Amino acid sequence: MIKLFHVYKHYDTQSVLDDVTLVVKKGDICCIVGPNGSGKSTLLKLIFGQENPDRGQIIINNKNVTHMSQWAISSIRQRMGFIFEDCQLILRKTVIQNISLALTIAGTPLKQGRQNIDRVLATLELEHKKNDAVSTLAAGEKQRVSIARAAVSDPLVLLADEPTGPLDSTATAKVFALFRSMSMRGTTVLLTTQNQDVAAKFPQHRVMLNHRKIIPQ
Amino acid sequence: MKQMRYLIYCLSETRDNVFDYRGLSIVALVTSALSMLCVGLFFLIYVNLHEIVQAFEEEIRINLYLDEHLTADQRLALEQVILSYPEVNNTEFVSHLDAIEAYLEQYPTEKLLMTSLDEKTLPASFVIGLAPAYQTISSVTALAKKLENVDGITDIQYGEKWIQTLWWGNYLMILIGSVVGATLTLASITIVANTIRLTLFNRKHDIGILRMLGATEAFIKGPFLIEGVALGTLGAGLSLILLKIIFELVIYRIGEAFIQKHTIIFLSPTALVGVIVCGASLGFAGAMLSLKQTRKA
Ligand SMILES: Nc1ncnc2c1ncn2[C@@H]1O[C@H](COP(=O)(O)OP(=O)(O)O)[C@@H](O)[C@H]1O
Ligand SMILES: [Mg+2]
C-alpha cells in the first residue's frame, strides 16, 4: 500500500509537486500519466527515498518513510522493486548476475531465488541472453533485465518509471501481463507513462499528473 | 542459506576486483610481501640469537677467585655466605692444585712453566652454579655486582664480555626489528588501503546501484574487506616462501659455517601461523581504513 498526503517538492526555484495526495491500495496497479517534466519520476523518487519531500507524509505498508534513516531506507528498499528510467544496471556483470543481485541484497535463500530467476527470465524472454554481459545488450533487452531485477524478489511495492519506453508492443504486453500477475499476488504497482495509449490499458486506476497536481481520471 | 548467497557474491566480487585491477593488486601484494619478509628476517635472526643466548645462559658458571691468605675456616664461612644468596644453586671449591692440574690438562706442553704458576696467577676459586630461575645475563651481572664487595673474593669472572655482546645484539635485533617492522607494516596497510580505495572509486557507479537495491553499508563493504584480508594473507604466504628460500640458501649455510654448537632453526609452526594472522590483520586494517568513508564513495 502506498499513501501520499499533501506532498510538496521543489528543486531550486522550481516547484515540481504541489499538494499531491495519492492512495494506492495493496495489490492495486496505478498508472500515472503525464507529459515530460511533469514530475512523475520525482514522485517515484520520493516514495523510494531517493529524494525527500519539502512537506507532507509518505506511507508505505503502514510505515511512514518520510525522512527515514539511511539504514531504514535500505531495509524498505529490499522489499521494493524499482524500474529506473535509465535502467541502472551493472554493465560488466551478466544478465543473471544483475538479476540475482536483488535477491542477494534481499536475503532470499538460494533455492527459492533460483526458481524466481528462472520464472522472470522465461516471462521476459531473456533465457538465451542470461550469461551475456549487460554491456552487450540492446536498449530493449537492458530494459527487460531491469524489469526482471525489480520483479524477481516478489516485492511488496513495485515502482516502474516509464517501464515500456524502449520496448516493442509484444514485449510491452508481456511486461504488463507480468505486472498484473504480480499485483494478483499482492504486489502494489505504481507505474508512470507519458503515453496515453499505455495509460488506456489501466482504466481502473489511472491518474493524470499535470501542472504539479494529481488529477484523477 | 541466505548467508551462502552473500558469501558467493562477496567472493566473486573480490575475484572481479582483484582481476579487473590486477596491476594495483599485484603491487599491493608484492609490497606487503616484501615488508613482511623484512619483519620475518629480523624475527628469524632474533629467534636464533635468542636460542644461542639461552643455551649459553644455562651453562653460565661464575668463578670467584679467592684471597690466597684465606684460612680453611674463613673459606668455609665464605662458602656459607655465598650459598645464602638465592641465585646460587651450588658451589664447587677448586684449590690451587686443582687449578694447576686443570691448566696442565689444557696446555700439556707448558709443563716447564709450572714453577711460575704460583698461587697469585692460579688462585683457588669457588665455581658457582646458578639456580634455574636466575640463569639469565641480567641476574648473573647483578649477582656479580653483589659479590664484588664480599671479603675474601679477589676477582669474579663469568665470560661477561661476549655474552653481554650477544645479549645486546639480540636486544638490538628486537629494537631495529620493531622499528623497521612498524614502519613497513604501516606502509603496507597504507598501500592495501589505497588499492582498495582506488577499486572503491572505480566501483562508485556500481555501489550507487547497490544502494538503490537496498544494500546496507555492511553489505557493500563485505567484498572489500575480503579483498584486504586476501591481499594481506597472500602477501604473508608469499613472504614466508621467500623467507624459507633465503633461509635455505643463505642463513642456514652461514650458520653451519660459523656456529658449530647450535643448529640454526626456521620459524616454529606457531610463528608461521602468527605471520599469516599478522598478514590477514594487516589487510583487514587497510580495508577498514579505506572503507571508513564509503558513504562519500
Ligand atoms: N535533481 C534535479 N534537480 C533540479 N531539477 C530537477 C531534478 N530532477 C528533476 N528536476 C526537474 O523537475 C521537473 C520534473 O522532473 P521529472 O520528475 O523527471 O519529470 P518526468 O519524470 O515527469 O518527466 C523537471 O522540470 C526537471 O527539470
Ligand atoms: Mg521521468
Dipole in debye (nearest 20) - chain A, about Cα centre, beta carbon charges: Lys, Arg +1; Asp, Glu -1: 640
Residue mean of other protein chain beta carbons inside 10 Å, B:200-212: 3
Helix-only [θ]222 nm of chain A, DSSP H runs n ≥ 4, -39500 (n - 2.57) each, per residue, nearest 500: -10500 deg cm²/dmol
Ranked list, fewest to most other Cβ atoms within 10 Å of each Cβ, for A:Glu85, B:Glu58: B:Glu58, A:Glu85
Peptide-level mean, for A:84-95, of C-beta atoms on other protein chains within 10 Å: 2
Per-residue Cβ neighbour rank within 10 angstrom, fewest leading, B:His50, B:His69: B:His69, B:His50
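Quick check on packing: order B:131-137, B:226-232, A:153-159 by the mean number of other C-beta atoms within 10 Å, highest mean leading.
B:226-232, A:153-159, B:131-137
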Scattering profile of the protein assembly as shown at q = 0.14 Å⁻¹ [log10 I(q)/I(0), Debye over alpha-carbon scatterers]: -1.27
Leading residue at positive end of dipole, chain B (Cβ point charges), from B:Leu70, B:Ile8, B:Gly129: B:Ile8
Simple label model, 7 Å out from Cα along Cβ direction - A:Ala133 to B:Leu249, nm: 3.9
Inter-centroid distance (Cα atoms) of the range B:223-255 relative to the range A:46-67, Å: 53
Length-normalised contact order of chain A in % [C-alpha pairs under 8 Å, at least 6 apart]: 32
Spatial separation of Cα centroids for the range A:72-143 and the range B:118-141, in angstrom: 82
Order of A:Thr108, A:Thr172 under a 10 Å beta carbon neighbour criterion, fewest first: A:Thr172, A:Thr108
Highest-first arrangement of A:71-82, A:126-137, B:13-24, where packing means the average Cβ count within 10 Å: A:71-82, B:13-24, A:126-137
Fully extended contour minus Cα-Cα distance, from B:Ile241 to B:Ala133, at 0.36 nm per residue: 35.1 nm
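So what is the relative contact order of chain B, in percent, for Cα pairs below 8 Å that sit 6 or more residues apart?
On the way: 318 pairs, mean separation 92.6, N = 297.
Averaging sequence separation for qualifying contacts and normalising by length gives 31 percent for chain B.
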The range B:61-158, relative contact order [Cα under 8 Å, separation at least 6], %: 52
Three principal axis lengths of the range B:44-133 [C-alpha, angstrom, descending]: 51, 37, 15
Dipole of the range A:2-216 [Lys/Arg +1, Asp/Glu -1 at C-beta], most positive-end residue of A:Phe84, A:Cys31, A:Trp71: A:Trp71
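What average count of beta carbons from other chains do you get within 10 Å of the Cβ of residues in A:101-110? Walk me through the numbers on the way to the answer.
Numbers: counts 6, 3, 4, 11, 12, 5, 6, 3, 5, 6.
If you average over the peptide's residues, the count of other-chain Cβ atoms is 6.
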Dipole magnitude of the protein assembly as shown about its Cα centre (Cβ charges: Lys, Arg +1; Asp, Glu -1), debye to nearest 20: 5180
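Just so you know, all these numbers are worked out from the coordinates, no wet-lab data involved. Model, not experiment: these values are computed from the prediction. Cβ atoms come from the backbone with ideal geometry, glycine included; neighbour counts cover every protein chain shown.
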